[in-house]
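Working notes for the structure below.
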């Protein structure tokens with residue numbers, strides 16, 4: 001069951017809340033392997049089950065069915081205090097009646113570590129999160145960013161096998177959030193601890209993660225590296241949730257080994273990448289920055305249309321082109337030399353155009 | 001504040017508000033001020049002021065009847081407070097720290113029952129119940145009075161404790177469990193220190209309520225079990241004396257002190 005580098009194995013885990021009429025399936029059979037030392041992100045909109053999955057790993061909820069293995073041992077039914085995992089809570093949950101140092105030493109005290117070891121670990125943790133000067137402060141005297149650092153130090157101090165982070169940056173303002181993203185990566189790199197990070201922010205997930213699991217409605221839709229998730233989304237939901245993307249509907253006319261020919265409603269035929277044999281009606285997806293702008297009268301452009309809108313956003317411009325398919329196709333360029341109403345051709349390269357699994 | 005059109009309804013701007021408010025304050029506190037003032041009157045009269053003295057406090061302190069009543073009051077209030085607060089703490093934990101259970105509303109109602117039922121009813125049923133118990137067991141003593149006080153003190157101790165627990169962030173206990181604390185150590189290191197102000201506030205409220213009780217005590221207390229309010233009640237039938245004023249003032253002082261500390265402690269945030 002366990003692979004070589006799998007630290008956590010989630011096997012067919014389901015979680016239902018309530019009974020009878022009000023029964024709600026929060027997780028519907030989830031499978032995932034989390035590797036040792038990686039920064040693994042659970043990404044999805046609110047209500048997708050990502051926090052439930054995290055709470056199942058922490059032990060605050062028990063799975064309705066399925067297994068959670070840590071180093072090959074079933075931990076899914078152990079109480080939280082018997083699991084070598086620690087959590088950074090969304091609201092930090094620092095103990096208000098203790099100082100910063102007392103908060104950080106709490107886990108070590110509960111593990112009955114010797115006093116000298118506790119003292120040196122607390123000092124090391126304070127230095128790691130750059131909070132040494134504030135060791136004696138009460139936690140309600142700290143700013144949000146400082147509380148975040150204490151929560152992180154407290155959870156890291158007992159040296160858990162896995163650190164769980166439940167949207168830890170969502171309460172911080174944008175600038176501080178960017179700083180903490182860098183800090184988190186640094187700390188993960190320095191400690192070598194496996195991080196499981198929950199977020200609904202796709203940009204945060206792309207910048208921080210080694211691998212991402214995209215979740216929706218209680219299921220994992222795709223697990224992959226940020227570039228795999230971004231460049232080769234397996235499902236329409238994944239493509240739509242992460243970044244901007246154009247969808248084009250069509251019919252398969254020729255299905256090849258790795259590519260397929262798709263006929264659009266307007267009669268044009270596009271060649272697209274397909275990871276599996278496809279047939280019938282399909283959806284094609286392409287990122288705006290992969291759509292090339294050409295002259296409308298170039299011979300080999302597969303699609304052409306009229307510029308309907310130009311949206312400038314600083315580092316570039318989105319060119320909306322009506323090609324007669326209903327929705328406009330958006331092309332992103334740094335300095336496009338087009339004006340509203342111009343006829344333009346669109347270049348859709350086969351490696352950038354993928355057939356989605358519905 | 002500048003007057004603006006279309007501003008939200010403000011009670012303070014309604015006609016007569018200030019007058020009614022002051023009327024309430026005067027009616028509530030004027031008699032108390034009169035009582036305090038005349039407890040320091042040198043004259044025996046409680047309506048005509050002559051000069052300032054502590055004589056009535058000295059007299060009250062030397063009065064054996066008052067001294068004994070005060071001792072009974074303290075004994076009953078302290079015992080009832082300790083027992084009631086313990087039960088109230090357990091009840092508060094059981095109604096806030098468990099998964100919602102069937103009959104939770106009923107349990108809440110039962111705990112608070114002494115607040116809803118008219119006190120005279122509780123007094124009468126307790127009296128007849130205790131008479132039955134006494135007849136069967138032959139046991140007598142102050143225990144009956146303490147038991148009766150404990151019962152009506154529980155809801156008063158329960159409410160601040162429960163409020164404190166409900167304010168407390170549940171994730172704090174989860175965080176402790178996550179950091180390897182067993183349920184007992186979670187309670188000892190996180191829940192109890194955080195709910196302590198609520199327990200203290202509940203205990204003080206229970207103490208004041210027990211100290212002030214008349215109706216139930218009047219029915220239940222046996223010979224030699226006269227509490228201060230009962231003693232005062234008995235004396236007043238023979239006319240108000242400045243001695244009673246002095247005792248009442250001391251009782252008032254204790255109550256005010258405890259109730260204000262209840263608010264101060266209760267305000268400390270969870």
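Points to keep in mind about this one:
- Search result, residues across the range A:278-293 that are surrounded by 12 or more Cβ atoms within 10 Å (Cβ to Cβ) and modelled with pLDDT under 85: A:278
- Cβ pairs under 8 Å, 6+ apart, first in the range A:168-185 and under 16 Å from residue A:131 (Cα atoms), second part of a helix (DSSP H, G or I): A:176/A:144; A:176/A:145; A:179/A:145; A:180/A:145; A:180/A:148; A:183/A:149; A:184/A:152; A:184/A:208
- Residue in the range A:184-198 that is surrounded by fewer than 17 Cβ atoms within 10 Å (Cβ to Cβ) and over 23 Å from residue A:86 (Cα atoms) present: no
- The listed residue being under 29 Å from residue B:183 (Cα atoms), at pLDDT 90 or above and under 19 Å from the mean Cα position of the chain (by Cα), out of A:44, A:49: A:49
- All positions within the range B:213-247 that are more than 28 Å from residue B:48 (Cα to Cα) and in contact with a helix residue (DSSP H, G or I) (Cβ under 7 Å, 6 or more places away or on another chain): B:213, B:214, B:215, B:216, B:217, B:218, B:219, B:220, B:221, B:225, B:226, B:227
- Test result for residue A:167, away from every other protein chain (no Cβ under 14 Å), buried (at least 17 other Cβ atoms within 10 Å of the Cβ) and either within 30 Å of the chain's Cα centre (by Cα) or at pLDDT 95 or above (or both): no
- The number of residues in the range A:71-109 that are away from every other protein chain (no Cβ under 14 Å) and under 20 Å from residue A:29 (Cβ atoms) comes to 3.
- Meets criteria (assigned by TED's automatic domain parsing to the domain that holds residue A:93 and in contact (Cβ under 8 Å) with a residue 24 or more places away in the chain) for residue A:156: yes
- Scanning the range A:112-135 for residues that are touching a helix residue (DSSP H, G or I) at 6+ places or on another chain (Cβ under 9 Å), part of a loop (DSSP other than H, G, I, E, B) and either within 14 Å of chain B (Cβ to nearest Cβ) or surrounded by 20 or more Cβ atoms within 10 Å (Cβ to Cβ) (or both) yields A:113, A:129, A:131.
- Going through (1) farther than 18 Å from residue A:159 by Cβ; (2) under 24 Å from the mean Cα position of the chain (by Cα) one by one, residue A:88 falls short only on (1).
- From the list A:191, A:139, A:121, the one residue that fits, being assigned by TED's automatic domain parsing to the domain that holds residue A:45 and within 23 Å of the chain's Cα centre (by Cα), is A:191.
- Contact annotation: residue pairs with Cβ atoms under 7 Å, 6 or more positions apart or on different chains, pairing a residue in the range A:282-297 that is in contact (Cβ under 8 Å) with a residue 60 or more places away in the chain with a partner that is part of a helix (DSSP H, G or I), are A:283/A:236; A:285/A:239.
- Odd one out for residue A:101 among (1) outside any helix (DSSP H, G or I); (2) modelled with pLDDT under 95; (3) surrounded by 16 or more Cβ atoms within 10 Å (Cβ to Cβ): (1)
- Filter pass, residue B:69 being in contact (Cβ under 8 Å) with a residue 40 or more places away in the chain, surrounded by 12 or more Cβ atoms within 10 Å (Cβ to Cβ), closer than 30 Å to residue B:164 by Cα and touching a helix residue (DSSP H, G or I) at 6+ places or on another chain (Cβ under 8 Å): no
- Residue check for residue A:61: surrounded by fewer than 23 Cβ atoms within 10 Å (Cβ to Cβ), in contact with a helix residue (DSSP H, G or I) (Cβ under 7 Å, 6 or more places away or on another chain) and farther than 20 Å from residue A:224 by Cβ: yes
- Selection from the range A:250-277 of residues that are exposed (fewer than 15 other Cβ atoms within 10 Å of the Cβ) and touching a strand residue (DSSP E or B) at 6+ places or on another chain (Cβ under 6 Å): A:251, A:253, A:254, A:263, A:269, A:277
- Of all residues in the range A:73-83, exactly one satisfies the criterion of being touching a strand residue (DSSP E or B) at 6+ places or on another chain (Cβ under 8 Å) and either surrounded by fewer than 15 Cβ atoms within 10 Å (Cβ to Cβ) or part of a helix (DSSP H, G or I) (or both), namely A:74.
- Any hit, the range A:18-30, residues being buried (at least 18 other Cβ atoms within 10 Å of the Cβ) and either within 21 Å of residue A:194 (Cβ to Cβ) or at pLDDT 95 or above (or both): yes
The values are calculated or read from the model by the stated rules, or taken from the named source; none is laboratory data. Just so it is clear, the structure is predicted and the values come from calculations on it, not from any experiment. So basically every Cβ, Gly included, is an ideal-geometry build from the backbone, and we count neighbours across all protein chains shown.
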